[in-house]
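Q: Here it is: the structure, laid out below.
The values are calculated or read from the model by the stated rules, or taken from the named source; none is laboratory data. Since we're looking at a predicted model, the values are computed, not measured. Quick reminder, even Gly has a Cβ in these numbers, built from the backbone with ideal geometry, and neighbours come from all protein chains shown.
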């Protein structure tokens, strides 16, 4: 990749010679390995990789991207010329021109820490995945179990025509378990996962068998559980659910590109109260348990951003283009899925700061509500323009007069962005952030790894779907 | 893209390196797209990609590898990686070998359009500019984001038993998010994905959006109530894909993860409903003359007058049951193991209404759903449908009363479409490889702002 970097720098010079005011490139080398054990047998063991270069060229305020997997000098020059000619063609059309916020020509190298390279480990991976899968199947009532083990190495070099050169390499390892159980009420499933920016040592050091057994036991519980009656409930959310809530209910709407295009309901609300004063929300590239984002895909250092500070909207997340439009400094949130994708604004690790409450205290004041937990949650979605969000919970629990009473399944929660955070009336003192090697956040067809989390919180009056 | 891959040579190379069998899946693609933001053209993209997947079997040990290819060295290292993975794999005692029946269906669906293939960035930009002009005519309505693109691809499959088979396809996509500003704020998005560029559809879809965003901006959050539901065609298509595509997959059935296990020959939906898997529909992205393991595709009834007639099979799942593949192998990526999936699901409803208005007229109180979020979080294992209605219309006494939003629905899919099915109405439209009219069922709890 170092050789390629020199050739790419020359290609960027070519863009400037042609008349571009700015050009940058993302050189990427990516590897992914997936092992899937399904009902006791190896369903799939696959490996894939991609390598290539994506160029962005700005000419008279018009932006164009092109990419190539051919890393020869000629192919790189052809790719940058293609981007230039598209940008030039677009520049003739009327409309707002793109400018980038200024940023220094940083030179940096950052790598996530790992001890054992997971791509160099052989049969031990299969043995662990197989054992976990078989143990999950042993729980009475379980009819199906899928265990996945995944590894990722993602090396990116960002180079621009202003002299910036940033290298970021991330190794991510994890395991997930999904179990399906049958009862006289039908089928239901539960699932869980854990991932770390770490090597194979993380897989060796974790008790996956116990995690898988717990998932299977929950699946059995869920298969016998009732679906709640639809309506409005007081809800206590565990940390992973808080992460989902924040990511969907607020995170996307705080992304600067959605704010500048008018697609966010948070447009024009900076400095205004948008949440209970108990709520402080942070986007941070380097939090423990989260994904490793020391620099974004424009080479901008990822700052710890207080998006909401004690209930007040303090900052939007930005890439260089949206920062220029909003008159902010770039916050290091310009990210891409791969070298072939355009830079858009993405969250990194989005979480809530802990408060003072113990979990028992959160439960105490709930007369009739739901304790929503994550094991089996599928994710969430937001319509940032209409202000509506939703997210699913895993196996959850009915709370009656301050006590957890019986399990619930099929819990889906929904609310309005500008309403929900003001309904948080208690924030726990615990804290957890997590990421995943199996998924991430989708936006504009791009999936990127993110982290989410926070403490337990209590929300008054969330809409819950039911029969 | 100058590199040309010979699938037969790759299969031979894998066999020389020790594979008892090998399969090769190649996708070449060229994409052009143009994007607009806030009423102005902002970005263009051009990409060319060559993806290769190689799976090998060493007797009953199977492994796969793949990726984006730049040089012939990449091909060699992918073959070697697939073999090294297979060497460490435990034997799969059910392994039937790769698909032995390679070929194309007698029907060759129309999925490649020369005019679409020859469009360039300039043409797409011109189309998007016209679209921006249509929106500009509406008061207080803006394009928050819009995108238009063309993808030209060729898929090639071969394995140790035969091939190659290949197929060219074009794909046209257009989508937008409109925003209404002023006192009543709201957004509305829509999109179309077809195998052929349809200029008129771009304009009509844009005009529809301009009308809908006004209603969306007036949508009110309402309290909880019980009533009937009509899912508009796009939302109906989405729910059917999420709930039925995995449930009729023989793999999910065999692994105990489908609620339809053991229900062949049973009535699972209303007697009015027939569900067809049709890989031959013209200009639909799900159409193809062969599946993802080179097996000829075929049209079949999955559900006939409410009765489950068949599951969908690829070669592996078919051989587990001693059956023939139904030509439904589907791959997540060129290097993945295939699993059964539908081509295009067509929902046919006996006695359906000519128009959506007739369907609405039969409902005393309910919601016509235009847009949802989170319906993809519905649970095909338990059969529970979940969705949050981000924009819909309240129906009262057989007429549209007002636009609404923020209602959460959870329901039992099979009970709803069997016991409480009210019918279908309006035109049948295809979205995301599901073709359906708007569909309605009774007895839904809408959870709202209480």
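Q: As an exercise: evaluate residue A:442 against (1) surrounded by 18 or more Cβ atoms within 10 Å (Cβ to Cβ); (2) within 11 Å of chain B (Cβ to nearest Cβ); (3) part of a strand (DSSP E or B) and give the number of the one condition it does not meet.
A: All conditions are met except number (1).
Q: Would you confirm whether or not region A:245-267 contains a residue that is over 20 Å from the mean Cα position of the chain (by Cα), more than 11 Å from every other protein chain (Cβ to nearest Cβ) and more than 30 Å from residue A:8 (Cα to Cα)?
A: Yes, region A:245-267 has at least one match.
Q: Also, I was wondering about something else. Only residues in region A:118-134 that are at pLDDT 95 or above count as the first member; pair them with residues that are surrounded by fewer than 21 Cβ atoms within 10 Å (Cβ to Cβ), Cβ under 6 angstrom, at least 6 apart or cross-chain, and list the lot.
A: A:132/A:209; A:134/A:40
Q: For residues in region A:411-430 being in contact with a strand residue (DSSP E or B) (Cβ under 7 Å, 6 or more places away or on another chain) and in a loop (DSSP other than H, G, I, E, B), which is farthest from residue A:249 (Cα to Cα)?
A: Among residues in region A:411-430 that are in contact with a strand residue (DSSP E or B) (Cβ under 7 Å, 6 or more places away or on another chain) and in a loop (DSSP other than H, G, I, E, B), the one farthest from residue A:249 (Cα to Cα) is A:429.
Q: When you look at residue A:203, is it surrounded by 23 or more Cβ atoms within 10 Å (Cβ to Cβ) and part of a helix (DSSP H, G or I), yes or no?
A: It is true that residue A:203 is surrounded by 23 or more Cβ atoms within 10 Å (Cβ to Cβ) and part of a helix (DSSP H, G or I).
Q: Condition (residue is touching a strand residue (DSSP E or B) at 6+ places or on another chain (Cβ under 9 Å) and either more than 14 Å from chain B (Cβ to nearest Cβ) or within 19 Å of residue A:442 (Cα to Cα) (or both)) applied to region A:223-233: is it met by at least one residue?
A: no
Q: Further, regarding this structure: Can we say residue A:169 is within 30 Å of residue A:340 (Cα to Cα) and not assigned by TED's automatic domain parsing to the domain that holds residue A:374?
A: For residue A:169, the condition - within 30 Å of residue A:340 (Cα to Cα) and not assigned by TED's automatic domain parsing to the domain that holds residue A:374 - is met.
Q: Also: Would you be able to say whether some residue in region A:386-394 is within 14 Å of chain B (Cβ to nearest Cβ), surrounded by fewer than 21 Cβ atoms within 10 Å (Cβ to Cβ) and free of Cβ contacts under 8 Å to residues at least 24 places away in the same chain?
A: no
Q: Next up: From B:103, B:133, which residue is out of contact with any helix residue (DSSP H, G or I) (no Cβ under 8 Å at 6 or more places or on another chain), farther than 29 Å from residue B:164 by Cα and either surrounded by fewer than 17 Cβ atoms within 10 Å (Cβ to Cβ) or at pLDDT 95 or above (or both)?
A: On inspection, the qualifying residue turns out to be B:133.
Q: Further, regarding this structure: How many residues does region A:395-407 contain that are within 14 Å of chain B (Cβ to nearest Cβ) and either buried (at least 24 other Cβ atoms within 10 Å of the Cβ) or out of contact with any strand residue (DSSP E or B) (no Cβ under 7 Å at 6 or more places or on another chain) (or both)?
A: Of the residues in region A:395-407, 2 are within 14 Å of chain B (Cβ to nearest Cβ) and either buried (at least 24 other Cβ atoms within 10 Å of the Cβ) or out of contact with any strand residue (DSSP E or B) (no Cβ under 7 Å at 6 or more places or on another chain) (or both).
Conditions tested, residue by residue: (1) surrounded by fewer than 19 Cβ atoms within 10 Å (Cβ to Cβ); (2) touching a helix residue (DSSP H, G or I) at 6+ places or on another chain (Cβ under 9 Å); (3) more than 12 Å from chain A (Cβ to nearest Cβ).
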position	(1), (2), (3)
B:341	no, yes, yes
B:366	no, yes, yes
B:372	no, yes, no
B:375	no, yes, no
B:397	yes, no, yes
B:419	yes, no, yes
B:430	no, yes, yes
B:442	yes, yes, yes
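Q: Sticking with this structure for a sec: Just wondering, is there one or more residues in region A:81-97 that are under 30 Å from the mean Cα position of the chain (by Cα) and more than 10 Å from every other protein chain (Cβ to nearest Cβ)?
A: Scanning region A:81-97, I find no residue that is under 30 Å from the mean Cα position of the chain (by Cα) and more than 10 Å from every other protein chain (Cβ to nearest Cβ), so the answer is no.
Q: If you go through region A:448-461 one residue at a time, do you hit one that is crowded, with 24+ Cβ neighbours inside 10 Å, on the phi > 0 side of the Ramachandran plot and in contact with a helix residue (DSSP H, G or I) (Cβ under 6 Å, 6 or more places away or on another chain)?
A: Looking for residues that are crowded, with 24+ Cβ neighbours inside 10 Å, on the phi > 0 side of the Ramachandran plot and in contact with a helix residue (DSSP H, G or I) (Cβ under 6 Å, 6 or more places away or on another chain), one finds at least one in region A:448-461, hence yes.
Q: Let me spell it out: the conditions are (1) more than 10 Å from chain B (Cβ to nearest Cβ); (2) buried (at least 17 other Cβ atoms within 10 Å of the Cβ); (3) over 22 Å from the mean Cα position of the chain (by Cα), and residue A:109 meets all of them except one. Which number is the exception?
A: Result: residue A:109 fails condition (2) only.
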